[in-house]
Amino acid sequence: MSVAGTVISVVGAFVGGGLVVALAEGGTDVQQGVPHPVIYTISEIANLLALCGPAFFIGALAILLAARAGLPRWLRAFSVIAGICGILLPVYFTIPVYLAWTLVFGGRLVAKGARGNELTEAVLAESLV
């Protein structure tokens, strides 16, 4: 899901960048020939792909983590709420909750990271690759 979120974000960045490049390279004919509502619509699509697309996938992942990972109760509840907010990110008012969760969850991963390495090393030692 993280890879899908990254891919859709890159696609959105290229759509937005492509719009700017097309307007710059097309000169005045393109700049004045394409109606402003069309330019606005393409830029909004790029923004949704670049920002809200990844939040959708990370939101779904947060809900899955809350359901299946051994998280503390407070983090499990926060993950469900933030996951729903990530899925609903285009609504705009859910952005602060989603961003707060990414900081809290990321901070917890960094703080607890030393203990997780032991498990990862054990799994890698058993791997054939």
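The values are calculated or read from the model by the stated rules, or taken from the named source; none is laboratory data. Bear in mind the structure is a predicted one, so any value in this text is a computation, not a measurement. Neighbour counts are summed over all protein chains in view; Cβ atoms, including those assigned to glycine, are modelled from backbone coordinates with ideal geometry.
Things to note:
- Condition check for Y98: in a helix (DSSP H, G or I), exposed (fewer than 12 other Cβ atoms within 10 Å of the Cβ) and of a type in the set (F, W, Y): no
- Condition met for S43 (at pLDDT 90 or above, buried (at least 17 other Cβ atoms within 10 Å of the Cβ) and among the hydroxyl-bearing types (S, T, Y)): no
- In region 1-32, the residues that are within 29 Å of L65 (Cβ to Cβ) and assigned to a helix (DSSP H, G or I): S2, V3, A4, G5, T6, V7, I8, S9, V10, V11, G12, A13
- Failed item in (1) outside any helix (DSSP H, G or I); (2) buried (at least 16 other Cβ atoms within 10 Å of the Cβ), with A62 passing the rest: (1)
- L23 vs. criteria hydrophobic (A, V, I, L, M, F, W, C) and more than 23 Å from L109 (Cβ to Cβ): yes
- Residue check, A82 buried (at least 18 other Cβ atoms within 10 Å of the Cβ), under 16 Å from the mean Cα position of the chain (by Cα) and more than 27 Å from L109 (Cα to Cα): no
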